[in-house]
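Participant: One structure follows; several queries about it will come next.
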Amino acid sequence: MAVAALLAAAAAPAAAGTGGAPGVNDPYFPLAGNGGYDVQHYDLTLGYDPGTRHLDGRAVITARTTQRLNRFNLDLNGLTVTGITVDRAAASFHREGQELVVTPRNALAKGREFRATVTYAGIPQPVTDPDGSLDGWIPTDDGAFVAGEPQGAMTWFPANNHPLDKASYDFTVTVPQGRSAVANGVLLGQTTTGGRTTFRWRQSEPMAAYLATATVGTFKVEQYTTPGGLRIYNAVDPREAAAAAPVLRKLPSVLEWESGLFGPYPFRGAGAVVDHAPKVGYALETQSRPLYDRAPDLGTLVHESAHQWFGDSVSLTTWKDIWLNEGFATYAEWLYDEQHGGPSAQKTFDELYAEPADSEVWAFPPGDPGSGEHLFEAPVYSRGAMALHQLRRAVGDRTFFRILRAWATDHRDGHGTTAQFVHLAERQSGKDLGGLFHTWVGTAGKPSRP
Ligand code: ARG
Ligand code: ZN
């Protein structure tokens with residue numbers, strides 16, 4: 001917080017008050033996102049050559065100012081910007097690390113819609129996250145694995161790169177004939193000319209930048225509509241196809257089961273991208289179409305699918321609240337097991353609870369990982385799920401499932417905070433749950449036996 005404020009002050013001593021802040025005060029990622037405007041839509045036109053790893057891009061960003069702006073920032077890491085216009089007039093710009101600082105010819109009044117067009121090119125470089133994993137446009141042997149949690153969106157398009165600012169997206173991605181480019185939402189069309197194929201995708205529901213993808217590879221594609229009306233588009237690396245097939249066959253029934261628990265599936269398109277990218281080491285709940293670095297097991301498919309409700313449709317306002325994503329998606333796995341002949345959630349809880357007091361699962365509170373380094377660790381996933389299980393025991397099954405559904409419904413296409421979740425649970429149950437959440441979400445160390 002202090003860092004962002006300091007940078008803002010340092011960057012604009014003279015033009016005080018009219019420059020947009022370089023971050024949105026996220027304590028873990030002070031430069032993520034930007035102040036002063038709210039993006040409505042990204043229209044991304046990309047060309048990628050897997051041979052040279054060269055990316056050409058044009059981003060047309062439609063946004064509305066939330067303050068008077070004589071200058072604003074976008075997040076972009078690496079690449080070369082060749083030009084920017086704001087409402088068709090050439091704008092001046094410079095780079096400061098991940099900040100792309102744009103000065104429009106004329107200042108923008110507060111509350112005004114504007115359109116910024118950024119043309120750029122280069123060889124994208126993924127970022128290394130505080131936890132040591134790669135994130136962003138990650139080259140593979142036949143294309144690129146494109147995942148952005150928490151920071152990597154800025155490695156392939158200029159963005160207001162924080163989940164606070166959600167927007168709709170159009171993608172037009174051109175790749176060599178024979179490769180596919182798979183983005184979010186629904187495929188509007190594909191055309192091949194001169195040895196290159198262009199894929200047009202549209203994500204019409206609001207999406208956080210980290211959930212955008214434009215994964216490129218040599219994929220086997222299957223498309224079908226489920227009996228429930230979901231449009232599935234699966235893209236599978238042939239090397240993973242045999243292992244992925246039995247799991248992907250269950251996708252419609254998993255989404256249907258989750259819809260029964262959490263409310264209607266929130267997006268227009270669905271499916272999966274199963275890449276062969278072993279060095280990535282994780283899957284991501286890219287909106288409408290999760291991205292797997294290898295053939296997933298069923299638990300992972302259930303997890304990434306549950307994120308469509310918890311994390312994608314209902315977004316974080318701060319990375320500190322990551323348990324609202326990972327704890328919920330993990331608890332969905334426990335519930336799936338319980339309802340499909342596996343161990344009960346209570347049994348899964350008991351096994352975890354048996355971990356000794358110095359085990360990593362108790363290392364920090366799920367609600368306060370402390371820094372970006374610990375976002376994706378056991379206290380967030382397992383203990384986050386344990387917290388939900390304790391909530392379930394305290395309020396009973398009927399109320400618990402009503403709470404989950406109300407959370408997904410009331411905050412659909414929007415955001416939610418831990419405080420709002422606690423408030424909702426208390427309202428739905430009529431119980432004071434402050435102590436429970438304090439113990440299971442807010443306090444480090446192994447809680448005493450519940
Ligand atoms: N959200 C992903 C999941 O479903 C994990 C992403 C991990 N990303 C990272 N940069 N380590 O669990
Ligand atoms: Zn997850």
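Participant: Could you go through region 267-274 in sequence order and give the Karplus-derived ³J(HN,Hα) for each residue, using 6.51 cos²θ - 1.76 cosθ + 1.60 with θ = phi - 60°, rounded to whole Hz, and x for Gly and Pro?
Facilitator: Values per residue, Gly and Pro as x: 10, 7, x, 8, x, 7, 10, 10 Hz.
Participant: While we're on this one: Based on Cα positions only, what radius of gyration and what Dmax would you give for region 376-450, in angstroms?
Facilitator: Just the Cα atoms of region 376-450 yield Rg and Dmax of 12.3, 37 Å.
Participant: Go from 0 up to the bin containing the longest alpha carbon distance in region 292-450, width 10 Å each, and give me the % of pairs per bin.
Facilitator: 11, 42, 39, 8, 0
Participant: Also: In whole Å, what three semi-axes, largest first, describe the equivalent ellipsoid of the chain built from its Cα gyration tensor (square root of 5 times each eigenvalue)?
Facilitator: Values: eigenvalues 249, 158, 71 Å².
The equivalent ellipsoid of the chain has semi-axes of 35, 28, 19 Å.
Participant: If you wrap region 83-196's Cα atoms in a convex hull and average its projection over all directions, what's the area in nm²? Mind showing how you got there, number by number?
Facilitator: On the way: hull surface 38.7 nm².
Projected area, direction-averaged: 9.7 nm².
Participant: Taking 0.36 nm per intervening residue step and subtracting the Cα-Cα distance, what contour gain separates R268 from R95 on full extension? Numbers along the way, then the final one.
Facilitator: Values: separation 173, 0.36 × 173 = 62.28 nm, distance 3.66 nm.
Length gained, R268 through R95: 58.6 nm.
Participant: Shifting gears a bit: In whole Å, largest first, what are the principal axis extents of the Cα atoms in region 64-138?
Facilitator: 41, 24, 18
Participant: Once Rh is set to the Kirkwood radius over Cα pairs, what Stokes-Einstein translational diffusion coefficient, in µm²/s, holds for region 406-450 at a temperature of 4 °C and a viscosity of 1.567 mPa s?
Facilitator: 110
Participant: With the radius of gyration and the Kirkwood radius both derived from the Cα set of region 324-372, what is their ratio Rg to Rh?
Facilitator: Working: Rg = 12.7 Å, Rh = 12.2 Å.
Rounded to two decimals, Rg/Rh equals 1.04.
Participant: In the calculated pair distance distribution of region 108-166, what percentage of Cα-Cα distances lie above 16 Å?
Facilitator: Percent of Cα pairs beyond 16 Å in region 108-166: 54.
Participant: Short version: what are the Cα gyration tensor semi-axes of region 160-305, square root of 5 times each eigenvalue, largest first, in whole Å?
Facilitator: 22, 19, 15
Participant: At 0.36 nm per residue, and after removing the present C-alpha to C-alpha distance, how many nm does the segment from K250 to R405 gain when stretched out fully?
Facilitator: Numbers: separation 155, 0.36 × 155 = 55.80 nm, distance 2.23 nm.
Fully extending the segment from K250 to R405 adds 53.6 nm.
Participant: Accessible area of W319, 1.4 Å probe, to the nearest 10 Å²?
Facilitator: Around 0 Å² of this residue is reachable by solvent.
Participant: For region 334-423, what value does the Rg/Rh ratio take when both radii are computed over Cα atoms and Rh is the Kirkwood radius, given to two decimals? Can you show the working numbers first?
Facilitator: Working: Rg = 14.4 Å, Rh = 14.6 Å.
Ratio value, two decimals: 0.99.
Participant: Go ahead and set up a Gaussian network model of the chain, Cα springs under 10 Å, then flag whichever of L251, L436, L46 fluctuates most.
Facilitator: Comparing L251, L436, L46 in a Gaussian network model of the chain, the most mobile one is L436.
Participant: How much accessible area does L261 have with a 1.4 Å probe, in Å² rounded to the nearest 10?
Facilitator: 30
Participant: Determine the per residue accessible area of region 136-267 with all protein chains present and a 1.4 angstrom probe, expressed in square angstrom. Don't jump to the answer; show the numbers that get you there.
Facilitator: Values: 4310 Å² over 132 residues.
Each residue of region 136-267 exposes 33 Å² on average to a 1.4 Å probe.
Participant: To continue, here is another question. Sorted by mean Cβ packing within 10 Å, highest first, what order do the peptides 27-37, 92-102 take?
Facilitator: Working: 27-37: 22.2, 92-102: 16.9.
Highest to lowest by the protection proxy: 27-37, 92-102.
Participant: If you count only protein heavy atoms and use a 1.4 Å probe, how large is the accessible surface of W137, to the nearest 10 Å²?
Facilitator: Looks like 0 Å² after rounding.
Participant: Distances longer than 13 Å among the Cα atoms of region 166-234: what percent of all pairs is that?
Facilitator: More than 13 Å apart: 66 percent of the Cα pairs in region 166-234.
Participant: Ordered by residue, what ³J(HN,Hα) values in Hz, to whole numbers, does region 363-369 give under the Karplus form 6.51 cos²θ - 1.76 cosθ + 1.60, where θ = phi - 60° and Gly and Pro are x?
Facilitator: Couplings: 5, 7, x, x, x, 7, x Hz.
Participant: Another one. Which ³J(HN,Hα) values in Hz, rounded to whole numbers, follow from the phi angles of region 168-178 under the Karplus curve 6.51 cos²θ - 1.76 cosθ + 1.60, where θ = phi - 60° and Gly and Pro get x?
Facilitator: Per residue, the Karplus-derived 3J(HN,Hα) values read 8, 9, 10, 10, 10, 10, 10, 9, x, 3, x Hz.
Participant: Same structure, new question: Taking the Cα centre of region 84-234 as the origin and placing charges on Cβ (Lys, Arg +1; Asp, Glu -1), which of I232, W156, Q190 is farthest toward the positive end of the dipole?
Facilitator: Of I232, W156, Q190, it is Q190.
Participant: Take S359, project a point 7 Å from its Cα along the Cβ direction, then tell me which residues of region 298-314 have their backbone nitrogen under 15 Å from it.
Facilitator: none
Participant: Could you tell me the convex hull volume per residue, in Å³, taken over the Cα atoms of region 205-249?
Facilitator: Details: hull volume 5.0 nm³, N = 45.
Dividing the Cα hull volume of region 205-249 by its residue count gives 111 Å³.
Participant: Keeping every protein chain in place, order T103, T418 by accessible area at 1.4 Å, biggest value first, i.e. largest first.
Facilitator: Values: T103 50, T418 30 Å².
Largest accessible area first, the residues go T103, T418.
Participant: Relative to the present Cα-Cα distance, how much length would full extension add between T62 and A109 at 0.36 nm per residue of separation? Kindly include the intermediate steps, with their values, before the conclusion.
Facilitator: On the way: separation 47, 0.36 × 47 = 16.92 nm, distance 1.50 nm.
Net length gain for the segment: 15.4 nm.
Participant: Check Q67: other-chain or 5+ apart residues with amide H under 5 Å from its amide H, H built from backbone geometry?
Facilitator: The list, which skips near neighbours in sequence, is G111.
The values are calculated or read from the model by the stated rules, or taken from the named source; none is laboratory data. Keep in mind it's a predicted model, so treat the numbers as computed, not measured. Backbone-built Cβ (ideal geometry, glycine too); neighbour counts: all protein chains shown. Accessible surface is based on the protein model in full, side chains and every heavy atom, while ligands, DNA and RNA are left aside. Shrake-Rupley method; radii C 1.70, N 1.55, O 1.52, S 1.80 Å.
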